1. What area, in nm² and to one decimal, does the C-alpha convex hull of the stretch A:16-282 cast on average over all directions?
2. At a Cα cut-off below 30 Å, give the lysines reachable from A:Lys150, other chains included and same-chain residues fewer than 8 away excluded.
3. Using DSSP to define loop residues, name the trypsin sites (Lys or Arg not before Pro) in the stretch B:209-269 whose beta-carbon has at most 15 other beta-carbon atoms within 10 Å.
4. Would you kindly work out, in nm and rounded to one decimal, the distances from the label point of A:Glu27 to those of the same position in each other copy, ordered shortest first, with label points 7 Å along Cα-to-Cβ?
5. Which values, in whole Å and largest first, are the semi-axes of the equivalent ellipsoid of the stretch B:89-137 obtained as the square root of 5 times each eigenvalue of the Cα gyration tensor?
6. Principal axis lengths of the stretch B:1-119 from Cα atoms, whole Å, largest first?
7. Out of the stretch A:197-253, which GluC sites (Glu not before Pro) are coil in DSSP terms and have no more than 13 other C-beta atoms within 10 Å?
8. So what's the projected area for the protein assembly as shown, the Cα convex hull averaged over all directions, in nm²?
There are 2 protein chains.
Amino acid sequence: MELPHAERCALPGKGTLVIIGGHEDKEDSREILKEVARLSGGGKLVIATVASHTREGYFESYQKGFEGLDVSELVELYLDERSDASKTSALDKLQGATGVLFSGGDQLRITSLIADTPVEKCLREIYLEGGVIAGTSAGASMMCETMLVKGRSEETYRVGELQMAPGLGLIRGVIIDQHFAERGRMGRLLGAVAQNPRVLGIGIDEDTAIVVRGDCFTVIGSGGVYVADGSGVTHSNVAEARTGETLSIHDVRLHVLAAGDTYDLRAREPGLPAAKEAEEQRQ
Amino acid sequence: MELPHAERCALPGKGTLVIIGGHEDKEDSREILKEVARLSGGGKLVIATVASHTREGYFESYQKGFEGLDVSELVELYLDERSDASKTSALDKLQGATGVLFSGGDQLRITSLIADTPVEKCLREIYLEGGVIAGTSAGASMMCETMLVKGRSEETYRVGELQMAPGLGLIRGVIIDQHFAERGRMGRLLGAVAQNPRVLGIGIDEDTAIVVRGDCFTVIGSGGVYVADGSGVTHSNVAEARTGETLSIHDVRLHVLAAGDTYDLRAREPGLPAAKEAEEQRQ
């Protein structure tokens, strides 16, 4: 039986999402920051530090990180509270921007402060018109329709343990987790996938990102990206097990993608860099 | 095309293997120790502390752990060097035992001291005659034909990083890793599987074990057991990538098994506890 295609793609529009697993290099290769600058087309880039409960020098570290890269203007967008997200001062920051990068912190602070405000509307306009929306760590998680908020790392998922919440929904049909291999988060990602296998689990390592356009993404950076596809799952115990019981889930299709690898979100198929693909076919 | 069945099973014989992911509970539920005692049939149980570079109180902790359980005699087997593994004093310890439990430490110390010695021969006899051979942590890893010795945890596998060595080969066609979710070891297990997808990757959490008889195992304990089946892998970069490059591997079939779940090593199929299976069929 052919199921209808699930909506698994970035929000329709001309823009690009750069979803980063945290701790992107800001001093040496700066591969991910270079890509964000390139995708912003040398325009104005806004560093949205909204996820942070205090202004903690995030902006300063990005000022250093983007030094010498092709960015005409770098500005910080910080909000003390939700009402600020309707103020002209905030909207002025976003005016004319071709890129926005959300730094790390608490994903709930991003959604609770900006969702359904003029700042969010502005963000979507930048994306629709071809800009780049990037986010690292909490800024990565919040891109999803349903985002992971809390869940133990370094253990197998136990039923009832995850906390999720509605995200900004810039990408559909996926759950994103970050600091992935570094914090041993396979257990909690599989817990999320088990709850609704329609949703594709994507775990992104530190200094690694997926660059999403439409329904495809490409991996950049130094680590791996794990894709847990639950569409063929034959059994899981999330519904029947008691709270605290260990997850059982059979038949997950798992990919580990490295720099250059691609993934088609709609077809649920991994791919290789075009050059490598041609070479493998020749052999 | 039907491939011939790979030899993926415990060593032929009447015995049972109990392969433990480390840190099995010794004070409260003692679920795994109870199973080891039960499988030894109330006979003499040898705690082989050979993996440890010094006698570090391992035996004493097991004396406490097995207190009150049905074990007629509990003795320690420690070897200072390889020549001890041919001595009568060591063989006397194993004489009449119905079970041996290898504690944690360094898996290379186990293999380099006992492989191809009278002690190992004695061990195999205990197994062949229906005894139980258990091992935790290093004692779990050494059960394989090719064992994982070293590899970074908490990061995605980078080509060239794993250290492997020949193990005791009590179980064939699998690579076992331990402290699995707790130390974020998915990356290195997939690295091992990528190198030879014939080999099934099995990652065992702490306080969790697989009980293997012939070509089937059952999970016991509080955590999860990850089975990474690479037989359907469509692409990996382990052979062509430069040392240090991040692993790319597509189409791994992954299962997370919890207590009661079973796995058929030969058919490469997970199963449910008999009771649950019947219930799922009724629905």
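1. Details: hull surface 58.1 nm².
Across all orientations, the stretch A:16-282 yields a mean hull projection of 14.5 nm².
2. A:Lys26, A:Lys121
3. Those satisfying the criteria are B:Arg242, B:Arg266.
4. Spelled out, the distances from A:Glu27's label point are 4.1 nm.
5. Working: eigenvalues 61, 35, 18 Å².
Square roots of five times the eigenvalues give 17, 13, 9 Å.
6. On the principal axes, the stretch B:1-119 reaches 54, 38, 26 Å in Cα extent.
7. Passing sites in the stretch A:197-253 are A:Glu240.
8. Spelled out: convex hull of the Cα atoms, projected over all directions, averaged, 28.4 nm².
The values are calculated or read from the model by the stated rules, or taken from the named source; none is laboratory data. Fair warning: this is a prediction, and the values are worked out from it, not measured in the lab. Neighbour counts run over all protein chains shown; Cβ positions are idealised from the backbone, glycine included. Quick note on the areas: whole protein, heavy atoms, side chains included, nothing else; ligands and nucleic acids left out. Shrake-Rupley method; radii C 1.70, N 1.55, O 1.52, S 1.80 Å.
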